[in-house]
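Can you read through this structure? Questions will come right after.
We did not get these values from a lab; they are worked out from the coordinates using the rules stated. Predicted, not measured: the structure shown is a model, and the values here were computed from it. Positions of Cβ are backbone-derived with ideal geometry, glycine not excepted, and every protein chain shown enters the neighbour counts.
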Amino acid sequence: MNMDYLTDKFSLDGKVALITGASYGIGFAMAKGMAAAGATIVFNDIKQELVDKGIASYKEEGIDAHGYVCDVTNEAAVNEMVARIESEVGVIDILVNNAGIIKRIPMCDMTAEQFRQVIDVDLNAPFIVSKAVIPSMIKKGHGKIINICSMMSELGRETVSAYAAAKGGLKMLTRNIASEYGEFNIQCNGIGPGYIATPQTAPLRETQPDGSRHPFDQFIISKTPAGRWGEAEDLAAPAVFLASDASDFINGHVLYVDGGILAYI
Ligand code: NDP
């Protein structure tokens, strides 16, 4: 037995991976990891300029990614995109529901419409996109779905009521897809990033007017046993693992990639 045994298990050669909202940030880093493992990368984003920027960024990394403009909350648009991907690239073997938004507003100041917008992108969209790809995965005899959850799938805290409700719901959707479609050799797992330095969390790292570090930044560093924010690249290898045959007997779980903060907080 040599390393080839493991290399084969982790290989994504010949696989088509759709990563939503992946023109930059965590989605981009996971897609890069999957491309390195051999997958053909397909991504979407909500605006043409983001897709164009994404395609250029992938090219810089030597990756010929296929980019589509699609709002993942729009079921008709998602169905159309998935049909186009199937005819232009191939059947989707791996889906990563990565697109997400957060609105940091105290619950009692939040409008019902703002709450709905977060639920729409962070919970309804993974349902819509999963539903669009599962029938072809069933026909093909295998499929991997990775839902990007959050520490807020487990916790609540001030200003993130909608996000926590959506990501908690996404954890349960993950379990449900696993139990409902596991018999068709579809594995659905989640990844729960800790605090990762991306544009989404940039406001939490802003230097204060007096030159001091943002209190939340100090809080994260002090509470994370790893002693640092995560980088988007920290998510790449876990995503490859959950997309590969190496994780075939893992179904319905969330892997927290958080530098240990959930264990400590
Ligand atoms: P970003 O906001 O940096 O990236 C998310 C991407 O999704 C953006 O390109 C965004 O486009 C896109 N998007 C938003 N709405 C839609 C939509 N309706 N249709 C298509 N695309 C859309 O997020 P991160 O990279 O930070 O996060 C990626 C995932 O990881 C998210 O699900 C997030 O909740 C989760 N996560 C992030 C953590 C962190 O610390 N960063 C921690 C825990 C979880 P646009 O730029 O136009 O909004």
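Using the Cα centre as the reference, give the magnitude of the dipole from point charges on the C-beta atoms of the chain (Lys, Arg: +1; Asp, Glu: -1; all else neutral), rounded to the nearest 20 debye.
Numbers: 22 positive and 32 negative charges, 94 e Å.
Charge dipole, the chain, about its Cα centre: 440 debye, nearest 20.
Taking neighbour counts of Cβ atoms within 10 Å as a proxy for exposure, in what order, fewest first, do VAL51, VAL82 appear? Walk me through the intermediate numbers first.
On the way: VAL51 21, VAL82 25.
Arranged by neighbour count, lowest to highest, VAL51, VAL82 become VAL51, VAL82.
May I pose another question? Please give the contour-minus-distance gain from ASN176 to ILE265: 0.36 nm per residue of separation, less the Cα-Cα distance, rounded to one decimal in nm.
Full extension from ASN176 to ILE265 adds 29.3 nm.
Report the full-extension gain for the segment ALA76 to LYS139: residue separation times 0.36 nm, less the Cα-Cα distance, to one decimal in nm.
20.5 nm
Which one of ALA263, LEU170, ALA31 is farthest out on the positive end of the charge dipole of the chain, using unit charges on Cβ (Lys, Arg +1; Asp, Glu -1) and the Cα centre as origin?
So the residue furthest toward the plus end is ALA263.
Is there a quick way to get the dipole size of the stretch 215-265? I mean about its Cα centre, with the Cβ of Lys and Arg at +1 and of Asp and Glu at -1; what is the value in debye to the nearest 20?
That gives the stretch 215-265 a dipole magnitude of about 240 debye.
On average over all directions, what projected area in square nanometres does the chain have, based on the convex hull of its Cα atoms?
Here the figure is 15.5 nm², rounded to one decimal.
Relative contact order for the chain using alpha-carbon pairs under 8 Å, separation at least 6, rounded to a whole percent?
Taking the mean separation of contacting Cα pairs over the length of the chain, I get 21 percent.
R0 = 30 Å: FRET efficiency of ARG104 with LYS131, Cβ-based, nearest 0.05? Working shown, then result.
On the way: r = 29 Å, r/R0 = 0.98.
Step by step, r from the Cβ atoms, then E = 0.55.
Over the stretch 1-119, what relative contact order in percent results from Cα pairs under 8 Å that are six or more residues apart?
About 27 percent, as a whole number.
Another question, then. Suppose each label sits 7 Å from its Cα in the direction of the beta carbon; what would the PHE184-GLU88 distance come out to in nanometres?
Simple spin-label model gives 2.4 nm for this pair.
Students often get this wrong, so check it: of LYS9/LYS223; LYS9/LYS171; LYS53/LYS223, which have C-alpha atoms separated by over 32 Å?
In this structure, LYS9/LYS223; LYS53/LYS223 lie more than 32 Å apart at Cα.
Now for a different question. Describe numerically, in nm with one decimal, the distance between label points set 7 Å from Cα along Cα→Cβ at GLN117 and at LYS9.
It works out to 4.5 nm between the two label points.
Sketch the reach of a paramagnetic label on ALA36 as a point 7 Å from Cα along Cα-to-Cβ, and name the residues of the stretch 58-74 whose backbone nitrogen lies under 14 Å away.
Output list for this probe position: 61-63.
Per q in 0.18, 0.26, 0.29 Å⁻¹, report the Debye log10 I(q)/I(0) for the stretch 22-89, using one uniform scatterer on each alpha carbon and no solvent.
-0.64, -1.19, -1.31
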